[in-house]
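One structure below.
The values are calculated or read from the model by the stated rules, or taken from the named source; none is laboratory data. Here the structure is a predicted model, which means the values were calculated and not measured. A quick note on method: Cβ atoms are made from the backbone with ideal geometry, for glycine too, and the neighbour counts reach across all protein chains shown. Please note that ligands, DNA and RNA were not included when accessible areas were found on the heavy atoms of the full protein model with its side chains. Shrake-Rupley method; radii C 1.70, N 1.55, O 1.52, S 1.80 Å.
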Amino acid sequence: QVQLVESGGGLVQAGGSLRLSCAASGRFFSINAMGWYRQAPGNQRELVAVIASGGRINYADSVKGRFTISRDNAKNTVYLQMNSLKPEDTAVYYCNAAASTQPVGIPAGYWGQGTQVTVSS
């Protein structure tokens with residue numbers, strides 16, 4: 001099993017910054033992609049940013065130029081630096097990781113418990 005623990009959410013004024021962290025632990029062979037999703041009340045969960053094990057990155061158009069995703073493979077940790085935050089960024093942010101618990105086979109997806117980010121206007 002893989003556990004993902006997020007930290008770093010909170011309340012911030014518009015224009016401010018927050019940094020989210022997500023550390024993976026447990027019994028796994030490798031971690032492939034790691035990413036961040038968010039879900040606002042009444043909305044579906046949406047992709048924010050994802051980073052592959054080799055470093056390829058994709059961002060949602062709504063956060064390009066403001067958010068930066070990075071990872072420390074040695075620590076099995078992914079980060080999301082969020083700058084120039086807007087009220088519409090308010091949501092629960094979830095960490096996601098595709099991890100393999102065996103040397104071969106298809107990686108499975110795992111989710112963190114979520115961390116609240118609230119941006120006041």
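Some observations on this one:
- If you plug the beta carbon distance of ARG56 and SER21 into 1/(1 + (r/R0)^6) with R0 = 22 Å, you get a FRET efficiency near 0.60.
- Going by accessible surface with a 1.4 Å probe and the largest first, SER120, SER84 read SER84, SER120.
- Solvent exposure of segment 13-88 as accessible area per residue, Å², 1.4 Å probe: 56 Å²
- Amide hydrogen proximity for GLY10: with H placed 1.01 Å from N in the peptide plane, the residues at 5 or more positions away or on another chain lying under 5 Å are VAL117, THR118.
- Linear extension gain, GLN102 paired with SER121, 0.36 nm per residue minus alpha-carbon span: 2.2 nm
- Protein-only accessible surface order, largest first, of LEU11, LEU85, LEU47 at 1.4 Å: LEU11, LEU47, LEU85
- Full extension of the chain between SER70 and ASN83 gives 3.3 nm of extra length, using 0.36 nm per residue less the Cα-Cα distance.
- A dipole drawn for the chain from +1 and -1 charges on Cβ atoms has a positive end, and of SER84, SER21, SER100 the residue lying farthest that way is SER100.
- Translational diffusion of the chain was estimated from the Stokes-Einstein equation, with Rh taken as the Kirkwood radius over Cα pairs; at 4 °C and 1.567 mPa s the coefficient is 90 µm²/s.
- Cβ-based charge dipole, the chain, positive-most Cα from SER62, GLY8, GLN39: GLY8
- Cα-centred dipole magnitude for the chain, charges only on beta-carbon of K, R (+1) and D, E (-1), debye, nearest 20: 180 debye
- The mean sequence separation of alpha-carbon pairs under 8 Å and at least six residues apart, normalised by the residue count of the chain, gives a relative contact order of 37 percent.
- Heavy-atom SASA rank of GLU46, GLU6, GLU88 (probe 1.4 Å, accessible area, largest first): GLU88, GLU46, GLU6
- With every protein chain in place, the chain: carbon and sulfur % of accessible area (1.4 Å): 48 percent
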